[in-house]
Amino acid sequence: MKDLSFNTKAIRTGYKTTTEQEHSEAIFLTSSFVFSSAEQAANRFSKKDPGNIYARFTNPTVDAFEKKLAILEGAQACVATSSGMAAIFATIMALFKSGDHIVASRNMFGTSIIMLNTIITKFNIDISFVNLSDLSAWENTLKNNTKLFLLETPSNPLGEVVNINALSRISKANSILLAVDNTILSPALQTPITLGADIVIHSATKYIDGQGRCLAGVIAGSTDIIEQIHRFLRTTGPSLSAFNAWIVLKGLDTLSLRMKAHSDNALKLAIWLEAQDQVEKVYYLGLPSHPDHNLAKSQQSGFGGIVSFKIKGGKKSAFKIINATNILSITANLGDTKSTITHPATTTHGRLTDEERLNAHITDGLIRISVGLEDIKDIIADIKQTLV
Ligand SMILES: Cc1ncc(COP(=O)(O)O)c(C=O)c1O
């Protein structure tokens, strides 16, 4: 399997056809599994027999998704969750305890920051925030009890990046786990484990589904780490449903083609936006003007579909543009075939304090576009007519 290319693995691995000889992967919509005898039930519960017991523990459709994603991320194992937030929460709850310290990037999805500040701290886990790309800040914030580095690269919505390999050298030298939220690129464009990370987390709700249909999350890493997280999930319940697992499993078949098309469209939009007088700044890693363009090129195989820009005139101008679009959807989701437009300061990052928002560089004039798979000429024309 190792020698197969990404697309072949994405289409051909992970699933074992049942005795019905179906060609497409089946959905096992069942909450429990039947045992042939009391002895078999006892053996399943005591783990002498590894078969299915109950869908909160395992399900063949979920298992197929987990196996395929582990292969695509270059990980030993993988476990799926009901959403991306459940994946981040389960990782922290399963692996760390009261008295531990986590260093996290302040340039993360707003809800991730809120979870760390308001929920995780309740368990007496100490959190420090640093600027994503500042390697010395990660190192200088270390304490004796630091157990985890947690980050998104590239960040949402500004496309900031950190050198994963360099950061993993710091984490390994200090016996700290490095967890990367890889939602924005997906394994089609970046595989953090091959660059030295220990854990990869996804909101599979985004590009892995790719059509805005369901919530899903996933965590990939070593067998030991994933077993610990699986034990937490089967006991606390945020497991992925078989139906949603089937959606994201089928999403993986076309992931690489979609990511390339999202990236091509996003670059065209970013180049066009950069030439507009009303636009103060464009944030897209694919632009040579982006300060992290070369670093991104060295660790990513594409730049992804998120383009953000700062419009002159602040929130008033941003709202005017958003309200005047005809094709783009005003919605908080990203990674859909449909292009979406968002005002991060009042939506995805709206619950942050003014200081947290400023630290994350989320300004009032910032607009985020998740560039979809429509003809990019139509998307550019739609935005152009809002600038008049
Ligand atoms: C980078 C990132 N991580 C995690 C999440 C949370 O995922 P979910 O909505 O599936 O819980 C999001 C959601 O937008 C995200 O953008």
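The values are calculated or read from the model by the stated rules, or taken from the named source; none is laboratory data. For clarity, every value in this text was computed on a predicted model and none was experimentally measured. A quick note on method: Cβ atoms are made from the backbone with ideal geometry, for glycine too, and the neighbour counts reach across all protein chains shown. Areas reflect the complete protein model, heavy atoms only, side chains present, ligands, DNA and RNA absent. Shrake-Rupley method; radii C 1.70, N 1.55, O 1.52, S 1.80 Å.
For Asp3 and Ala275, the difference between the fully extended length at 0.36 nm per residue and the C-alpha to C-alpha distance is 93.6 nm. The angle between the Cα long axis of helix 242-274 and the main principal axis of the chain comes to about 20°, on a 0 to 90 degree scale. Rank Asp277, Asp100, Asp49 by mean-square fluctuation in a GNM of the chain with C-alpha springs under 10 angstrom and give only the top-ranked residue. The residue with the greatest mean-square fluctuation here is Asp49. Roughly what % antiparallel, to the nearest 5, for the DSSP beta bridges in the chain? The answer is about 55 percent antiparallel.
Extents of the chain, taken as max minus min of Cα coordinates on every principal axis and listed largest first, are 74, 52, 37 Å. Short to long, the 10 Å bins of the Cα pair-distance histogram for segment 104-150 hold 26, 56, 18 percent of all pairs.
Rounded to whole Å and ordered largest first, report the semi-axes of the equivalent ellipsoid of segment 206-308 derived from its Cα gyration tensor (root of 5λ). Could the numbers behind the result be given before it?
Working: eigenvalues 240, 56, 32 Å².
Those come to 35, 17, 13 Å.
Excluding Ser239 itself, what net charge comes from residues whose Cβ is under 14 Å from its Cβ, given Lys and Arg +1 and Asp and Glu -1?
Numbers: positive: Arg56, Arg231, Arg234; negative: Asp63, Glu66.
Around Ser239, the charge tally is +1.
If the segment from Thr347 to Ala332 were pulled out straight at 0.36 nm per residue, it would be longer than the present Cα-Cα gap by 4.7 nm.
Here the chain exposes an accessible surface that is 53 percent carbon and sulfur, computed with a 1.4 Å probe and the other protein chains kept in place.
With Cα atoms defining each centre, segment 358-388 and segment 49-104 are spaced 34 Å apart in the structure. Segment Asp224..Asn131, full-extension length gain: 30.5 nm, with 0.36 nm per residue of separation and the alpha-carbon distance subtracted. Seen against the Cα atoms of the chain and their longest principal axis, helix 164-173 is set at about 50 degrees.
For segment 255-384, compute Rh as the Kirkwood radius over C-alpha pairs and then the Stokes-Einstein diffusion coefficient at 20 °C and 1.002 mPa s; write the answer in µm²/s, rounded to an integer.
Details: Rh = 15.0 Å.
Estimated via Stokes-Einstein, D reaches 143 µm²/s.
Helix 314-324 and the longest principal axis of the Cα set of the chain meet at an angle near 70°.
Just to confirm the filter: which trypsin sites (Lys or Arg not before Pro) across segment 107-162 are DSSP coil and have at most 15 other Cβ within 10 angstrom of their Cβ?
On the way: sites: Lys122, Lys143, Lys147; in loops: Lys143.
Taking segment 107-162 and a limit of 15 other Cβ atoms within 10 Å, the loop trypsin sites (Lys or Arg not before Pro) found are Lys143.
Within a Cβ distance under 12 Å of Ser112, other residues only, what is the Lys/Arg minus Asp/Glu net charge? Mind dumping the intermediate values first?
Details: positive: Arg106, Arg351; negative: Glu152, Asp181, Glu356.
After counting each charged neighbour, the total is -1.
Solvent-accessible surface (1.4 Å probe) assigned to Arg234 amounts to roughly 60 Å².
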